[in-house]
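To keep things clear, I will list the structure first and then write my remarks on it.
Derivation of every value follows stated rules applied to the coordinates shown; laboratory data play no part. It should be emphasised that the depicted structure is a prediction, and the values quoted were computed from it without experimental measurement. We place every Cβ from the backbone using ideal geometry, glycine too, and count neighbours over all the protein chains shown.
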Amino acid sequence: MTVKVSDRGPVRLIEMESPPVNALGAMLRMPLMDAIRGASQDDSVGVLLLLSSLKTWCAGADIKEFGLSELPAPEASLNAICDALDACPKPVIAAVDGVAFGGGLELALACDYRAVSGRARFAFPEVNIGLLPGAGGTQRTPRLVGVEQALRMCLDGKPVKARRALEMGLADRLLEDELTDAACAYAEELLAAGGTVRKISSGPGKLPRPGEAAEVFAGARQLIARRMRGRDSPELIVQCIEQAVACRDDFLAGLAEERRRFVRCLKNPQSKALSHVFFAERAAARGAGGAAARAVGRAAVIGCGTMGGGIAMNFAIAGIPVTVLETGQEALERGLRVMRRNFERSEKSGRIPPGGAERCMGLITPTTDYDVLEGADFAVEAVYENLDLKKQIFARLDDTLAPGAIIASNTSYLDIDRMAEATGRPGQVLGMHFFSPANIMRLVEVIEGRHSSPETVATAFSLASRMKKVPVWSANSNGFIGNRMLSGYMFEAFELLFEGTPPESVDAALRDFGLPMGPFQMIDLVGLDLGWRARELAGKPKEERKPGERLGDALCERDRFGQKNGRGIYNYSPGSRVPEPDPGVAGLIEELAEELGYERRLPAEAEEIGKRCMYPLVNIGSALLEEGVARAASDIDIVYVYGYGFPAWRGGPMHYAEQQGLDTVLDDIRGFHDRFGARWAPAQRLVAAAAAGRGFGEG
């Protein structure tokens, strides 16, 4: 039984109980509709009280029904239930304890009153999967709390806590005592005062007159342009709330406009892509397998630079004491200052709670002495990319740490097994590749070495989850998933330059595709000198360096390091990050192209730029699946969405290829193979999937 019905005098209790989160699937909706209709027609009932026996009030739509061609039990759809609540001649109270998200919030809004516990949370997360509230949420919310608050709730998808809900007018009463008793007392209080029915749909409420909120709507569109570029549902949300204003005296007309736009979202490929990312993230987190994770009570990080400091911050934010080791006191103190500054920024922006900066700094122990690391259960090495140095550190950690401790490397491409060989505990060695800035970026590639034990892998996954990261499994292979694919993307971007396409054209085409920045803006941001110094340190012969590396070397030799000194592939005015093309760099590219034997041609069109840069991701991703480096195409998508800024509304490179049609993508790759040779040889996994007319994940 998913709905329990009982009476306390004139109060009809309708209690939802559909574990785990009262998702609004058919098995809950049908008895809920019956209970509402029954109470509406029962003369002995004075007031309806809608509550939950679970810790969650109602989490919204049932994900099991996502993607179905027809909704089960359409006669008891959420829209129909909200209509039934609107038609109920008796007051209805939503007694909300826990979350009321999405359709759950729309259910609460269709009630006359909302009484809440201190645990109550309200949110419209639909925008995160390319949808909009489709059961009256965009029509009732602005009537109740005003246009500005409604836009904020529908566009950012973030939860509103109980006390804030009371301040906004989203909730009517805070229930301090045992919820059911307090809610029943509130119901009887309302009855004693006359039992007023007050449907949000019955009038304009806080809606302004048409034209009065023009600036608010313009501000919302500016926000969308800055933060949600390329996405369709945010603009449709704004339109729905505009329609609420236009139809302020005709709720049903506004509801029809909302429904029409909701169906548009539902049919939009962006919704399918964002839903794919939603499920893929959860599937990736299950990549740890079935082994039990070890407890981690204390951690260590070797290196207090950009990456080491960010990783140490993650441990502290997760509440795990961490010791940070550096080779010199000056570097250690510099790293601590950066961490403190970053914590203070996070506290100011609300990413960590008040007092969080001091609490986190209190969990960090700085040292230059390996012996201080002795009590750590989990150590992460985060020094620069030099295998010999990393092996020395692993050997030292092996001697210092307790026998059961796990050692991870933050390497972005080096061989984990070579590092494990430097220890007497290869089963407790693996890679944890964080992305920069490590305290912000959510992705962590968890690299399983040849000897990594299931318990070691499970512990890394568990730790990443405690840090609120998205862990993705990878086998040990040069560059793992992300950087192996990035190498193909970057190689092709440089090829376009040498063939005659200006860097600003390549960057513009890829920004228009949906990336936050193009490859050459990204290189300038990271710093051209990092790769140059690494190549020089490794003694890599000039003749073995790729064309793009040769260009990077030439720029660095001319003191052009990127944004850090205002001169890289682009120029940058003081204090600005806006790239400005440099004719001298264009001349250098042309000179080097001639030296390397490139045949110059007219600049490529945006469509070719997109295919030349995106399809290597698909082709190399297919090879990674063949080789077993990646377990699932959806894992690859998560790596690129969370680690490299691939637009989530396109679903990741592998999903994007499936949406384009794998046969179409393969035809283009074969065409590039004919033009450019071996680097474009189609991966067999792609060939097989295209021939079979199926996706990468289908058997």
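Quick notes on this structure:
- Between the helical axis of 78-87 and the longest alpha-carbon principal axis of the chain there is an angle of about 30 degrees.
- Computed over segment 583-699: relative contact order in percent, which uses C-alpha pairs under 8 Å that are six or more apart: 24 percent
- Axis of helix 214-227 versus longest Cα principal axis of the chain: the two differ by about 30°, to the nearest ten degrees.
- Simple Cβ-charge dipole of segment 656-695, Lys/Arg +1 and Asp/Glu -1, about Cα centre, in debye nearest 20: 160 debye
- Close amide H contacts of V99 (hydrogens built in the peptide plane, cut-off under 5 Å, sequence separation of 5 or more or a different chain): W57, C58, R121.
- Restricting segment 534-569 to trypsin sites (Lys or Arg not before Pro) in coil, as DSSP defines it, with at most 14 other Cβ within 10 Å: R558
- Segment 365-399-segment 546-623 distance, computed between alpha-carbon centres (Å): 37 Å
- In angstrom, the C-alpha Rg and Dmax of segment 483-596 are 13.4, 38.
- V665 sits among other residues whose Cβ lies under 11 Å from its own Cβ, and their net charge, with Lys and Arg +1 and Asp and Glu -1, is -2.
- Once the Cα atoms are used to define both axes, helix 662-676 deviates from the longest principal axis of the chain by about 20 degrees.
- Fraction of antiparallel bridges per DSSP, the chain only, in percent to nearest 5: 25 percent
- Ordering A295, M361, G404 by Cα displacement along the dipole of segment 288-468 toward the positive end leaves M361 in first place; charges were set at the Cβ atoms of Lys, Arg (+1) and Asp, Glu (-1).
- In this structure the amide hydrogen of R114, modeled in the peptide plane, comes within under 5 Å of the amide hydrogens of A94, D172, R173, none closer than 5 places in sequence on its chain.
- For P321, neighbours were defined as the other residues whose beta-carbon sits under 15 Å from its Cβ, and their charges (Lys and Arg +1, Asp and Glu -1) total 0.
- Among M228, M467, sorting on how many other beta-carbon atoms sit within 10 Å of each Cβ, with the fewest leading, yields M228, M467.
- Using a Förster distance of 22 Å, the FRET efficiency for D250-E215 (Cβ separation, nearest 0.05): 0.35
- The overall shape of segment 606-692, judged from the alpha-carbon gyration tensor, is oblate: a/c is not under 1.5, and a/b is no greater than b/c.
- Overall form of segment 341-461: prolate. Here a/c, set by the Cα gyration tensor axes a ≥ b ≥ c, is 1.5 or more, and a/b is the larger of a/b and b/c.
- Along the axis of the charge dipole computed for the chain (Cβ charges of +1 for Lys and Arg, -1 for Asp and Glu, origin at the Cα centre), the listed residues M30, G677, L389 are led at the positive end by M30.
- Cα pair count fraction exceeding 16 Å, expressed as % - segment 586-632: 61 percent
- Entry note, segment 452-527: relative contact order of 14 percent, from Cα contacts under 8 Å with a spacing of 6+ residues.
- Considering only F494, V506, F480, and ranking their Cα positions along the charge dipole of segment 476-515 that arises from unit charges at the beta-carbon of Lys, Arg, Asp and Glu, the one farthest toward the positive end is F480.
- Cross-link pairs K64/K611; K161/K206; K158/K564 - those with Cα-Cα distance over 26 Å: K64/K611; K158/K564
- Mean separation of Cα pairs under 8 Å and 6 or more residues apart, divided by the residue count, gives the chain a relative contact order of 9 percent.
- For segment 93-155, a crude dipole built from +1 on the beta carbon of Lys and Arg and -1 on the beta carbon of Asp and Glu, taken about the Cα centre, is about 100 debye to the nearest 20.
- Electrostatic bookkeeping for V296 treats Lys and Arg as +1 and Asp and Glu as -1; over the other residues with beta carbon under 11 Å from its beta carbon, the sum is +2.
- Prolate/oblate/rounded label for segment 3-267 (Cα gyration tensor, a/c 1.5): prolate
- Over all distinct Cα-Cα pairs of the chain, the Kirkwood formula returns a hydrodynamic radius of 28.2 Å.
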